[in-house]
Amino acid sequence: MTRCMDIAMTAFKLRIITPIGEFFSGNIESIKLKNTTGYFEILANHMELITTAIAHEAAIRINGEAKKVELLDSVVEVSKEQVTILTNKAQWVGI
């Protein structure tokens, strides 16, 4: 298995926080978000950054299963330990 595949399969912690509390906290394999310039994907060992995301349906891979969550405009922080998304609203799509 190549190094790229090892990184893609590694889980990392995601926290989604809304004004009413923590919407989600758990380990995921990836998350695909959208900002004003297009889509971007975060995998384990991603470089640290702070960015924004516009309202959209984010794609999350949890235990190999694809899930979607609707987010309003958000602030996204990627650190060595976790990804934190601060948003005014989050809800699962299709659940």
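The values are calculated or read from the model by the stated rules, or taken from the named source; none is laboratory data. Just so it is clear, the structure is predicted and the values come from calculations on it, not from any experiment. Backbone-built Cβ (ideal geometry, glycine too); neighbour counts: all protein chains shown.
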Keeping to the stretch 8-42, report how many residues are part of a strand (DSSP E or B), of a type in the set (Ser, Thr, Tyr) and free of Cβ contacts under 8 Å to residues at least 40 places away in the same chain. 3
Residues (part of a strand (DSSP E or B), free of Cβ contacts under 8 Å to residues at least 24 places away in the same chain and under 11 Å from Tyr39 (Cα atoms)) located in the stretch 52-67: His56
Just a yes or no: is a residue in the stretch 78-87 within 15 Å of Arg15 (Cα to Cα), in a loop (DSSP other than H, G, I, E, B) and in contact (Cβ under 8 Å) with a residue 40 or more places away in the chain? yes
Within the stretch 6-41, tally of residues that are modelled with pLDDT of 95 or more and among the aliphatic types (A, V, I, L, M): 7
Can we say Ile54 is at pLDDT below 95 and of a type outside the set (D, E, K, R)? no
Please determine whether any residue of the stretch 26-49 is surrounded by fewer than 13 Cβ atoms within 10 Å (Cβ to Cβ), among the β-branched types (Val, Ile, Thr), over 18 Å from Thr10 (Cβ atoms) and out of contact with any Pro (no Cβ under 8 Å at 6 or more places or on another chain). yes
